[in-house]
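In what follows, a structure is listed as C-alpha cells, so that the remarks can point back to it.
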Amino acid sequence: MDLVSLILYIFPAYVANSAPVLFGGGAPIDFKRHLPDGNRLLGNSKTLRGLGAGLAAGMFAGVLLAYLLPNMFLPFLSFRLKIWVAFLLASGTLFGDLLGSFIKRRMNLKPGEPFFLTDQLLFLVMALAFSSLVFIPSYSEIIYLFLLTFILHVLLNILAHRLNLKRVPW
Ligand code: CTP
Ligand code: MG
C-alpha cells in the first residue's frame, strides 16, 4: 500500500480515538466503581458519551471513505468488508483506550498522568488486532503505522491542549 492508502486505512481508528476528546463527558463508564486496590476501575476520563461518540464517529468515517473513495480505501475489499474493518478499527481503538486506563489505574496513575507508549500506541495495537479479523497489513506497513501514529498523537495532543480541548498536552 502507498502512504495515502495506509493513512486512509487507519483513519477510522484515528477518528474513533479523537472523537471522545471532542464529544465526551458526563457519566463515567465505571459508574465510579473502585477495585480492592482502592483505585477507580477506569476513572472519570472514560465516559459513556465518549465511548458512543468514538464508535459512531469511527463507523461514520468508514462509511464516508467506502462511499467517497472506493478505489483508495481498501479497494481490494467489498463495501461490506470495508464497513467491517471500520467497525473493528473503531471498537479496537476504544477497547485499547479503556484497557490503557484500566492498566494506569492499577499502577496508581491518575487520569491525565502520562504513561509513555501506552497513551500513544495501545489504541493502535488493539485496532490492528481487531481489524486483523478482516485485513492484516504487511510488517513494514505496521511499522510505518506505529511511527506515524506516535508522531501524529504527540502533535495532535499538543494542538488539542493549545485549543483548550485537553487539560494536559499528552
Ligand atoms: N474521553 C471521554 N470518554 C472516553 C475517552 C475520553 O469522555 N471513553 C474524554 C474525556 O473528557 C477525557 C479526554 O477525552 O478527559 C481525554 O482522554 P484521555 O487522554 O484518554 O484521558 P486521560 O485524562 O488521560 O485519562 P487516562 O489516564 O484514563 O487515560
Ligand atoms: Mg491521557
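The values are calculated or read from the model by the stated rules, or taken from the named source; none is laboratory data. Worth saying up front: this structure is predicted, and the values here are computed from it rather than measured. With ideal geometry, Cβ positions are generated from the backbone for all residues, glycine too; neighbour counts draw on all protein chains shown. Each accessible area value is taken on the protein alone, full model and side chains, heavy atoms only, with ligands, DNA and RNA left out. Shrake-Rupley method; radii C 1.70, N 1.55, O 1.52, S 1.80 Å.
Please work out the average accessible area per residue across segment 1-103, using the 1.4 Å probe convention, and give it in Å².
Per residue, segment 1-103 has 50 Å² of solvent-accessible surface.
Compute the length gained on full extension between residue 164 and residue 110: take 0.36 nm times their separation in residues and subtract their Cα-Cα distance, giving the result in nm to one decimal.
Gain on stretching residue 164 to residue 110: 17.5 nm.
Along Cα→Cβ, 7 Å out, is where each label goes; now give me the distance between the ones at residue 69 and residue 154 in nm to one decimal.
2.5 nm
In segment 3-162, what percent of the accessible surface is made up of carbon and sulfur (1.4 Å probe, ligands and nucleic acids excluded)?
74 percent
For residue 25, what residues show an amide H to amide H distance below 5 Å, using hydrogens built from the backbone and excluding near sequence neighbours?
For residue 25, whose amide H was placed from the backbone, the distant partners under 5 Å are 47, 49, 50.
Which whole-number percent gives the relative contact order of the chain, counting Cα pairs below 8 Å spaced six or more residues apart?
23 percent
Checking the a/c ratio against 1.5 first, then a/b against b/c, what shape does the Cα gyration tensor give for the chain?
Taking the square roots of the gyration eigenvalues as a ≥ b ≥ c, the chain is prolate.
Order of 154-167, 111-124, 53-66 by packing, highest average Cβ count within 10 Å first?
Descending mean neighbour count gives 53-66, 111-124, 154-167.
Rounded to the nearest 20 debye, what is the charge dipole size of the chain about its Cα centre when +1 sits on each Lys and Arg Cβ and -1 on each Asp and Glu Cβ?
The calculation lands at about 620 debye.
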